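In what follows, a structure is listed as structure tokens, so that the remarks can point back to it.
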Amino acid sequence: MADLSVDRVDGIAIVRIERPPANALAPDLLAEGAELMEGLRADPPKAVVLTGSGGFFSGGVDLKLAPTLSIEEQRGMVGGINRLFCDWYGFPRPVVAAVNGHAVAGGLILALCADRRIGARGATFGLTEVRVGAPYPKAAIGVVQAELAPASARELVLRGELIDGEKALELGALDELLEPAAVEGRSLDVAREFAALPTATYEIVKEQLRGEALAAMRERSESDPLASGWLSDETVSR
């Protein structure tokens, strides 16, 4: 079953993660996401709205699956995560994250890849990797460092706690916070506003803004030490 769906509205692609119950990141979803990104680059939309389904945007890595992975599978998972974040962070067209529900760990990092992040009241957010014993792949921590102020990154990364939408807004992880029913509609409106901007210029200035950080993420991802063993015995016990 496909984990991702794409609809087009007014030239805007709505990409929806549909992997219940938590829209968690797993090898099949990562592979499908890489294929989807190739399609979007080949036939670029005016803008993208990236969203989840049910009560989750994404809960991050599938923690039931992760401890069962072999070293080779861990290597593939780390590579897939690095590619996912590099692809979305560097996508040349506007990307709006309609954070319709909980966004935790890699799910919040995926939202941070967007050009604007609109969250749902009542959802929880957090970078909880330290609590489950899972270090950050290079592109993942690169997005965090690029998109959050140092004090915000320190609080979210080193404490690893779940926070509410108001706190996420205060820390800069979200740009807007709305009632859940309003998130997707507002995100589509914002995507239309972005889509009205000159396309070629937008692509250039986005690269000017993010290109240096993105190049560093890609370079570091090629020799990510986590590829040789991501999940320790401590991770499994956690």
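Values in this text are rule-based calculations from the coordinates and carry no lab data. Worth saying up front: this structure is predicted, and the values here are computed from it rather than measured. So basically every Cβ, Gly included, is an ideal-geometry build from the backbone, and we count neighbours across all protein chains shown.
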State the volume of the convex hull built on the alpha-carbon positions of the range 3-142, expressed per residue in Å³ and rounded to an integer.
100
Please list 3J(HN,Hα) in residue order for the range 105-121, calculated via the Karplus relation 6.51 cos²θ - 1.76 cosθ + 1.60 where θ = phi - 60°; whole Hz, with x for glycine and proline.
6, x, x, 6, 5, 4, 5, 5, 5, 6, 7, 8, 10, 10, x, 9, 4
Taking amide hydrogens as modeled 1.01 Å from N in the peptide plane, which residues meet the under 5 Å criterion relative to Val95, leaving out close sequence neighbours?
Val48, Asp115, Arg116
Return the whole-Å distance between the Cα centroid of the range 3-29 and the Cα centroid of the range 179-217.
18
For the Cα atoms of the chain, what angle does the longest principal axis make with the long axis of helix 150-159, in degrees from 0 to 90, nearest 10?
40
When you count, for each residue, the other Cβ atoms within 10 Å and take the mean per peptide, how do 210-219, 10-19 rank with the highest first?
10-19, 210-219
Three semi-axes of the equivalent ellipsoid, the range 99-238, Cα gyration tensor, whole Å, largest first
27, 22, 12
Highest GNM mean-square fluctuation among Val132, Val61, Val78, for the chain with Cα springs under 10 Å, belongs to Val132
Multiplying the sequence separation of Ala196 and Ala31 by 0.36 nm and subtracting their Cα-Cα distance, what value in nm do you get?
56.3 nm
Given Cα positions, please report Rg to Rh for the chain, the hydrodynamic radius being the Kirkwood one.
0.94
Packing-ranked peptide list from 141-148, 118-125, 93-100, highest mean Cβ count within 10 angstrom first, is 93-100, 118-125, 141-148
List the aspartates and glutamates whose Cα sits under 17 Å from the Cα of Lys206, skipping any in the same chain fewer than 8 residues away.
Asp87, Asp115, Glu147, Glu193
To the nearest 10 degrees, the tilt of helix 180-195 (Cα long axis) against the first principal axis of the alpha carbons of the chain is 60
Whole-Hz ³J(HN,Hα) from phi, Karplus 6.51 cos²θ - 1.76 cosθ + 1.60, for the range 48-59, glycine and proline x
10, 10, 9, 9, x, 8, x, x, 10, 6, 6, x
